[in-house]
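The values are calculated or read from the model by the stated rules, or taken from the named source; none is laboratory data. Since the structure is predicted, the reported quantities are computational estimates derived from the model, not experimental observations. Heads up, the Cβs are rebuilt from the backbone with ideal geometry, glycines too, and the neighbour counts pull from every protein chain shown.
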Amino acid sequence: MNDNEKSQIDPLARRDSVQIFQGTDDGSPAVISRKIAVTAPGEDFQYIVVAVGEGSLDVKVDGLPDGLIYSEDGPRFDVRIEDDKPEQAAFTGKITGRYSGKNEHIFTITASNAKGSVSEKITIRPQPHLLPTPPMGWLSWEFLLESVSQEKMMEAIDGMHKAGLAKYGYKYVVIDDGWQGERVPGQPLQPNEKFPDMKALSDYAREKGFILGIYTTPWIISYAGYPGSGYHEVVDVKQFSEWGIGYLKLDYRPWDVKYLSFWQDVLREHGKEIAFSFSNNGIVDGGQEFLADITDIWRTGADIWGEWNRIKLCIYDQYLNVEGWKYFRKGHWPDPDMLQIGVLREGNEMPQNEQHFQVSLWAILPAPLLLSCDLNKLNDFHMSLLTNEEVIAVNQDSLGLPAKPVKGDVKVLAKPLSDGSVAIGLFNNTDEDAELSFSLDDLGLSGPKPIRDLWAKKDLGDVSAGYKETIAPHCAKLFKIG
C-alpha cells in the first residue's frame, strides 16, 4: 500500500479509536462523506454532506444537476476527537430530490476554515438498489460460531436447497467470523485451513441458487481473534469480488462516518455486486440517519439470541421504542439481527408462539429475514413460518415503506403496500392477554374494506369501522386490509 492509499483510510487498530466523526490531525478542513453517491433511477435521492475542521466551517456545494437541491439542514452530531487533536466541529448538510440523468454526474463539495480550504469531487451514479427489498438467507454465526468451515457451509447450502427456500426468496448464505487465515502484508486476506477453496464454495452456492456472503472487520484482529481488513480494504474487496461474494458483513464499533463512507466507496468501485451490511449497534451509538445513507443494511442494536427478553431488547428498546422507522429508507434496511427460528446452537428452540411473533414482526417492519439455525432439522412448523408467500410478500413489497405504530401504540403496526392495501400487525409483547384494535380512520381508509388473515390465508369479510381482538401473551396476528 502506498502513502496515497494510506492517507485515504483510517483503519481501526484499536476498538476504541474512533467515534461517529473524526477530526483532522491539525484542525484543517476535510470532507468525510462518501465520494460515490448511488441513486436508484426514479427514486428519491439523499446524500448527507459531512465536513469537519477546527472553528467555523464554510461549506459550499457546486455543480448539482437539475432536480437536486442542497440545504444545510443535515443531522447534527458533535465531533468526538482524540486528546492530541485540536478541538473541532462537524458540519452536515443534505442533498435531496430526484436525479433523472442516465449517466454519472460529478459535483463538488468545498469546505473552508481559517486553516485552509479543501474540495472533493462527488460522483452521482444511477444504479438500481443492490437490495431493492430486505435480504433473505442464512448466517453462520449464531449457529456455528467459530466452528464454521467450508464443509459446514456446504451443509448449510444443501439444507437451504433441500428445503426449497430459494424459490421463496432466500438468497444469501453468509460466512461469519472465523474463516480468515494469516495476513501477508500488502496481499489480500486468504482463508484458513477450514476453507480450502473459497471460489469453489461460492460457485457451489450459485449452482444451488444462492449467493455466498462473507465477514470482515476494519480492526487488525476480529472479535473472534482472526485477521481483519485494516490497511487492506481495497485488495480484500477485490479478492471477495473474484471469489463471487455478493454480501459483505462489516463488523466493528464504535463506528464513524468517514470510515464507513470509505468502505462504501471501495465496494462501489471494486465490488459493485456486493451488498454492504454493517454491524453493529447503530441505535446504541446513534447516527442512524448516517447509517441509512451509507450502508445497504444497518444493524439497529446489540446481538440477538434465543431468549424472549433479548428479542424485546433488539426490537422494542433499540428500534420501535426509539422511533427507528424515522431513519428507514428503501434499499437501506434496518436490521435487528438474525431471526431465532428453528433449532438453535445448543439444540434448544424458542416456543412456537415466540417464533411466530418474530417472523410476523420482521416481515412487517420490514427487516432482513436472515436465519441462523440447524437447516437439517427444519420441520413442518418451521417451514410454515418460512414459506408463507403472503407474509413474505409483505416483507418484500416493492413500495419499500416502513411499518409505523398506529396512534403511537407499538403493539399495533401498519405498513402501506404497493397494491394500495395496508398490512396490519397486532403484537402482544406483554405477559398478559391484551385487547388490541385499530380503526379504518387510523389507517386513512374508509369502509367497508376486506380484511384477510395472512397466516391463516383466509378472508375474514369486510371491516366497516375497525377491528379488535384479544391477543395472548407473546403472540401476534398479521392482516391485510383493502
* Inspect region 350-360 for any residue being surrounded by 17 or more Cβ atoms within 10 Å (Cβ to Cβ), in the same structural domain as Pro254 (by TED's automatic domain parsing), assigned to a loop (DSSP other than H, G, I, E, B) and β-branched (Val, Ile, Thr) and give the result as yes or no. => no
* Please determine, by comparing only the residues of region 457-471 that are surrounded by 12 or more Cβ atoms within 10 Å (Cβ to Cβ) and of a type in the set (A, V, I, L, M, F, W, C), which one is modelled with the lowest pLDDT. => Val463
* To do: Return yes when Glu390 is in a loop (DSSP other than H, G, I, E, B) and either without any contact (Cβ under 8 Å) to a residue 12 or more places away in the chain or in contact with a Leu (Cβ under 6 Å, 6 or more places away or on another chain) (or both) and no when it is not.
  => no
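Here is a yes/no grid of residues against (1) modelled with pLDDT of 95 or more; (2) in contact with a helix residue (DSSP H, G or I) (Cβ under 7 Å, 6 or more places away or on another chain); (3) outside the structural domain of Phe45 (by TED's automatic domain parsing); (4) part of a strand (DSSP E or B):
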| position | (1), (2), (3), (4) |
| --- | --- |
| Ile69 | yes, no, no, yes |
| Gly74 | no, no, no, no |
| Ile81 | no, no, no, no |
| Asp84 | no, no, no, no |
| Thr110 | yes, no, no, yes |
| Glu120 | yes, no, no, yes |
| Leu131 | yes, no, yes, no |
| Gly159 | yes, yes, yes, no |
* Could you check, for region 133-147, whether at least one of its residues is in a strand (DSSP E or B) and under 27 Å from Pro65 (Cα atoms)? => no
* Asked: Any chance region 164-178 includes a residue that's touching a Lys or Arg at 6+ places or on another chain (Cβ under 8 Å) and part of a strand (DSSP E or B)?
  -> yes
* Could you count how many residues in region 361-381 are touching a strand residue (DSSP E or B) at 6+ places or on another chain (Cβ under 9 Å) and part of a helix (DSSP H, G or I)? -> 5
* **Filtered residue count, region 393-426, keeping only those that are within 24 Å of the chain's Cα centre (by Cα) and not in a helix (DSSP H, G or I)** => 23
